[in-house]
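Engineer: I have a structure here, written as structure tokens, and I will follow up with some questions on it.
Laboratory data are not the source of any read-out in this text; all were calculated from the coordinates shown. A quick note: this is a predicted structure, and the numbers were derived from the prediction, not measured. Glycine gets a Cβ as well: all are built from the backbone with ideal geometry, and neighbour counts include every protein chain shown.
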Amino acid sequence: MTKSEVNNHYDVIVIGGGITGAGTARDCAMRGLKVLLVERFDYSTGATGRNHGLMHSGARYAVTDHESAKECIRENMTLRKIARHCVEETDGLFITLPEDDLGFQATFVQKCTEAGIRAEVIDPKQAIALEPSVNPDLIGAVRVPDASIDPFRLTMANVLDAQLHGAEALVYHEVIDILIEQGRVIGVKLRNNHNGEERTVYAQVTINAAGIWGSLIAQMAGVKINMFPAKGSLLIFGHRVNHMVINRCRKPANADILVPDDAVCVIGTTSVRVPIETCDDLRVTPEEVEELLAEGMKLAPSLGSTRILRGYAGVRPLVASDDDPSGRSISRGIVTLDHETRDGLAGFLTITGGKMMTYRLMAEEVTDLACKKLGVTKACETADKPLPGSEPQTPPNRKYSFSQRASYGRHGTLDWAVNRGDNTNDALVCECEGVSVGEVKYAIEKLHVYNLINLRRRTRVGMGTCQGELCACRAAGVMCDREQGAQKSIDDLAGFMNERWKGMQPVAWGDTLAEAQLTATIYQGLLGIDTMTKERRKEYYEI
Amino acid sequence: MKFDAIIMGGGLTGLTAGIALAQAGRDVAVVSNGQSTLHFNGGTLDLLGCDEAGNAVRNPLNAIDALSDNHPYKKVGDVKALAEKAQRLLDGAGIATEGNAEKNHWRLTPIGGMKPAWLSLKGMATIDDPDHLPWKSVAVVNIVNYLDFLSPFVAEALRERGVQVDVKEFTTPELDEARKSPSEMRATNIAKVVERQDLTQTVADAINYCLDKEYDMVLLPAVLGISSGERGDQLLQLIDTPAAFVATLPPSVPGVRMQTLLRKRFQQLGGTFIVGDQVTGGRFEGDKLKCVTTAKLEGSVLEAENFVLATGSFMSRGLVADYNHIYEPALGVDVDDNGLNRANWAALEVTDPQPYMETGVRTDEHLRCSKDGTTIANLYAAGSILSGHNGIKRVDASGVDMITALQVANNILNS
């Protein structure tokens, strides 16, 4: 083999930069495999970045799906250890409202206990004292160990750790062909979505971890996976109404979970089957907004008078059981497919189904299978070793500035790499989220940031109440200073603002409409950005 | 309290109407919540910058004829005369401007865009023809660590048009006061530091020092002169080569200056400026508004012969969209919502014309409001609260503000 061939050959290629792919790349790398992770857009672009940010206790599944409940609580406890800087330990309530059957509560608690989930029945008055925003009409409450988790941070931490263990990672690299030789997948053809260049990479095992798009990857390899894209829409509110997760104590239904995330809270979800072709450009409909709001107000009535920042939608990769050709029997559990035994196609595995909560377990299962095929016996360590940022640490200094505390919250122990202490680095780009120039530079250098949307996912720039009113423009300036030409930055800025609008448009009334008009006054009226772009829309497949 | 006229809203529209009425000897009160969209202004005013097909307009007066019939300009008499009056009014307030209503010029935006403009504040960089820039060599000079002026963007826009551009930056130790808190490097804070410490000469020296050669034009962020235009004029004179200002991200120093000077002028003319308050309701009798209540004047009311509603659009809370409908919150006057429902207030793409922006308060041919279908004889509306125009797409927002305000003042004086 020549040197360039060595560089093109891996033990494992992982397709998909969501949490499952990132976790799988980490696990494979920790077992000593030579790993390449490829993602067609940015990390957490798909379902990973479009959910509640809920760290389930498993209670939601306790009655209907004992296995999932057990997996959830186990992973919940694991993530508290290994991903401390991504988790906020809020606890959750399952409330019973007058229209619900209070009899369900006893079954619920019993099933939770059987699954190993701490479920404590509390007095409704105590529930109101614990969580003042909860619907005061509640007639029952159970406290469970739900929590909130930042999926962007979690995914990035997994990628960083994979890299620390020798993995390579390519964003904006799309798989355009699966190479098959004598009944075996030997590699993939990639296209760089920034410049269109194509290249081929080889591996003994290729792992399909592309979420709902995994069905298209499988199709490329000539095998069929029956997937059912289920669109789930959610709404983000402008401040944190609740401090505990609030669920309805009944069989899972639409819009019955309210999760506090950072400075906001999120209600969701709806569930609608959609065609796979629509998954790249999902819009939240007025009907969905109506349902989410109506149901959300039953959990916390003050949502009715709280500004909605934006709406967004993700797609669950639901998989039909293989033994059910009709596709009616849907599994929400983890689905690991060995296409060698299933379809006679060696060197190709699919990991799908499951939930963000169980990503580590999914990664472990598929990595075990890959290791078996590669003859590697090293055991999984991902449940024991903390992710970068979550190592044992001294608590943050009380003298930290707002922006330093915010950065510490986002990057955990990796915050040491953010330059500060001088006027240049300390200048604030985003006042809502406390993002400094130093943090932006750190993200550009270390966290695979190529555009403002990437930057938002790494630093929360533009995620605050103003939705990028001024910070996006400042950040574009900082990024331009460093490596891009101005035209590219302006296109990027215009794309970013359109992406922000896409989430605001379905909820454009009240303060959100007023804010949208102010943003338009600044970006179009004052800056004239609408007259300055070169159309580049496709790259912005985004929320 | 009783006045000849009460104006609700203390931004460009309210103060223009207030000054015009006060100049005519009327006893006027302006009720302002303290906010003004002038804080987002780029140091220019626009009359009509873009026609309904989206093309830039060279001669705004000629292009007004082609506007649709519900545009507010169709309810004013002689736009040319009012535009001249507006410029004189600004001049009288100490706001010197360049430009006229028969020929738009162009302004440079903080990111290097070029937009048509009617009047530019003296000292702002202007261009007659964006295809033929008047400069061969330009230095774009920014303050070190000032993030709200995108000098590389401005430079690239000029280079694309064949100009030789250098990007420079300067600072002085005294500006560190504005850096004490990382969020204080904003235009208005810098302006205050320069004024407080009288740093104009120091800043000029620092700029001259960073210029190592001659340029046809030196472009600077507009961060000087928050209370008057003098300091900016002084600075430009102290710089060795011709120099001009380009607007920054908000808060805009030239915008805040306009707001300050207009308010000062209004008060000099004897006007009463009630700040930090807003109108919460009114008592209607027949086809007349008798008085209004405000949030802070508990128990007492403001009475007047005539009233002007100049509380702005959604962003100023002059209009409100709730879950089901669009309404005017202060007095509950009738609104043209163009038959839209919530699902189509907003268009899918951010740069699409947004239907909600065309909604607003319904007025008759004299710019009088109606309530429950009855025209109110002494209640007028002016500025961006009016229905029938999209100030962003037509580039006519500040023109509509001033021209309709002056027309309303005329209507009141003639009534």
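Engineer: Skipping prolines and chain starts, which residues have an amide H placed within reach, meaning under 5 Å, of the one on A:R184, given they are 5 or more residues away or on another chain?
Structural biologist: Amide H neighbours of A:R184, under 5 Å, 5+ apart: A:A346.
Engineer: If the chain between A:T78 and A:L164 were fully stretched, how many nm would it gain, using 0.36 nm times the residue separation less the Cα-Cα distance?
Structural biologist: Result: 28.9 nm gained on full extension.
Engineer: Under the rule of -39500 (n - 2.57) per DSSP H run of 4 or more residues, summed and divided by the residues of chain A, what mean residue ellipticity at 222 nm is obtained, to the nearest 500 deg cm²/dmol?
Structural biologist: Here the helix-only value at 222 nm equals -10000 deg cm²/dmol.
Engineer: Would you order B:E184, B:E230, A:E515 from fewest to most other beta-carbon atoms within 10 Å of each residue's own beta-carbon?
Structural biologist: In increasing order of surrounding Cβ atoms, one gets B:E230, B:E184, A:E515.
Engineer: Using DSSP, restrict attention to beta bridges with both residues in the protein assembly as shown and report what percent are antiparallel, rounded to the nearest 5.
Structural biologist: Around 60 percent of the beta bridges assigned by DSSP in the protein assembly as shown are antiparallel ones.
Engineer: While we're on this one: For the stretch B:125-246, rounded, prolate or oblate, judged on the Cα gyration tensor with a ≥ b ≥ c (square roots of eigenvalues), a/c < 1.5 rounded, else prolate if a/b > b/c?
Structural biologist: prolate
Engineer: Suppose every Lys and Arg Cβ carries +1 and every Asp and Glu Cβ carries -1, with no other charges. What dipole size does the stretch A:402-540 come out with about its Cα centre, to the nearest 20 debye?
Structural biologist: 420 debye
Engineer: Between B:S387, B:S313, B:S137, where does the largest GNM mean-square fluctuation fall for chain B, given springs only between Cα atoms within less than 10 Å?
Structural biologist: Taking springs between Cα atoms under 10 Å, the residue moving most is B:S137.
Engineer: Please work out how much length the chain gains when fully extended from B:R88 to B:S181, using 0.36 nm per residue of separation minus the C-alpha to C-alpha distance, in nm with one decimal.
Structural biologist: Extending this stretch completely gives an extra 29.4 nm.
Engineer: For B:K122, which sequence-distant residues (separation of 5 or more, or a different chain) have an amide H within less than 5 Å of its own amide H, given hydrogens modelled in the peptide plane?
Structural biologist: B:A96, B:T97, B:E98
Engineer: By how many nm would the segment from B:D27 to B:N341 grow when fully extended, if each residue of separation counts as 0.36 nm and the alpha-carbon distance is taken off?
Structural biologist: 108.9 nm
Engineer: Could I ask something else about it? Can you pull the one-decimal nm distance between simple spin-label points at A:V274 and B:E298, each 7 Å off the Cα toward Cβ?
Structural biologist: Placing both labels 7 Å beyond Cα along the Cβ direction yields 5.1 nm.
Engineer: Calculate the FRET efficiency for A:Y202 and B:H39 from the Cβ-Cβ distance with a Förster distance of 45 Å, rounded to the nearest 0.05.
Structural biologist: 0.15
Engineer: Report the relative contact order of the stretch A:402-540, percent, no decimals, based on alpha-carbon pairs under 8 angstrom and at least 6 residues apart.
Structural biologist: Normalised by residue count, the contact order of the stretch A:402-540 is 17 percent.
Engineer: In percent, how large is the relative contact order of chain A, given Cα pairs closer than 8 Å and 6 or more residues apart?
Structural biologist: 16 percent
Engineer: Turning to a different aspect of this structure: Based on Cα positions only, what radius of gyration and what Dmax would you give for the stretch B:233-384, in angstroms?
Structural biologist: Both quantities, over Cα of the stretch B:233-384: 19.8, 66 Å.
Engineer: Starting from the 7 Å offset along Cα-to-Cβ, what nm value, one decimal, do you get for the label separation of B:D322 and A:K224?
Structural biologist: My value for the distance between the label points is 5.4 nm.
Engineer: Right, another one. Where nothing but the Cβ of Lys and Arg (+1) and of Asp and Glu (-1) is charged, how large is the charge dipole of chain A around its Cα centre, in debye to the nearest 20?
Structural biologist: I would put it at about 660 debye.
Engineer: Let me ask another. Out of residues 5 or more away from A:G354 or on other chains, whose amide H comes under 5 Å of its own, with H placed 1.01 Å from N in the peptide plane?
Structural biologist: A:G333, A:I334, A:V335
Engineer: For a quick check, take a GNM of chain B with Cα springs below 10 Å and name the residue from B:K192, B:K180, B:K168 with the largest mean-square fluctuation.
Structural biologist: Top of the fluctuation ranking is B:K180.
Engineer: Something else: What FRET efficiency do you get for A:T113 and A:E287 if R0 is 41 Å and r is their Cβ-Cβ distance, rounded to the nearest 0.05?
Structural biologist: After rounding to 0.05, the efficiency reads 0.60.
Engineer: Defining a contact as two alpha carbons under 8 Å apart and six or more residues distant in sequence, what relative contact order in percent does chain B show?
Structural biologist: 23 percent
Engineer: Order by neighbour count: B:E365, A:E364, fewest other Cβ atoms within 10 Å first, most last.
Structural biologist: By the 10 Å Cβ count, ascending, the order reads B:E365, A:E364.
Engineer: How large is ³J(HN,Hα) for each residue in the stretch A:7-18, as worked out from phi by the Karplus curve 6.51 cos²θ - 1.76 cosθ + 1.60 (θ = phi - 60°), to whole Hz, x for Gly and Pro?
Structural biologist: 5, 8, 10, 10, 6, 9, 10, 10, 9, x, x, x
Engineer: Sticking with this structure for a sec: Given R₀ = 51 Å, FRET efficiency for A:H9-A:H243 by Cβ-Cβ distance, to 0.05?
Structural biologist: 0.50
Engineer: Another one. In nm, to one decimal, how far is the modelled label at A:K446 from the one at A:A129, with both set 7 Å along Cα→Cβ?
Structural biologist: So the label points at A:K446 and A:A129 sit 4.4 nm apart.
Engineer: Would you kindly derive the ³J(HN,Hα) couplings of the stretch A:48-65 from the backbone phi angles with the Karplus curve 6.51 cos²θ - 1.76 cosθ + 1.60 (θ = phi - 60°), listing them in order in whole Hz, with x for Gly and Pro?
Structural biologist: 4, x, 9, 9, 6, x, 9, 9, 3, 7, x, 4, 4, 9, 4, 7, 9, 8
Engineer: Taking 2.2 N^0.38 Å as the expected size of a compact globular protein, what ratio does the Cα radius of gyration of the protein assembly as shown give against it, to two decimals?
Structural biologist: Relative to the 2.2 N^0.38 Å estimate, the protein assembly as shown comes out at 1.02.
Engineer: Of A:K70/A:K373; A:K81/A:K385; B:K136/B:K168; A:K355/A:K502, which sit over 19 Å apart, Cα to Cα?
Structural biologist: Over 19 Å apart, Cα to Cα: A:K70/A:K373; A:K355/A:K502.
Engineer: With only alpha-carbon pairs counted, each pair once and no self-pairs, how large is the Kirkwood hydrodynamic radius of chain A in angstroms?
Structural biologist: After inverting the mean inverse Cα-Cα distance, the result is 24.0 Å.
Engineer: Report the residue, chosen from B:D396, B:D240, B:D198, that carries the largest GNM mean-square fluctuation when chain B is represented by alpha-carbon nodes joined by springs under 10 Å.
Structural biologist: Evaluated over chain B, the most mobile residue of the options is B:D198.
Engineer: Report, in debye and to the nearest 20, how large the dipole of the protein assembly as shown comes out about its Cα centre when Lys and Arg carry +1 and Asp and Glu carry -1 on their Cβ.
Structural biologist: My answer is approximately 1140 debye.
Engineer: For the stretch A:373-386, what does the Karplus curve 6.51 cos²θ - 1.76 cosθ + 1.60, with θ = phi - 60°, yield as ³J(HN,Hα) per residue in whole Hz, taken in order and with x for Gly and Pro?
Structural biologist: 5, 8, x, 9, 10, 4, 7, 5, 10, 5, 7, 10, 8, x
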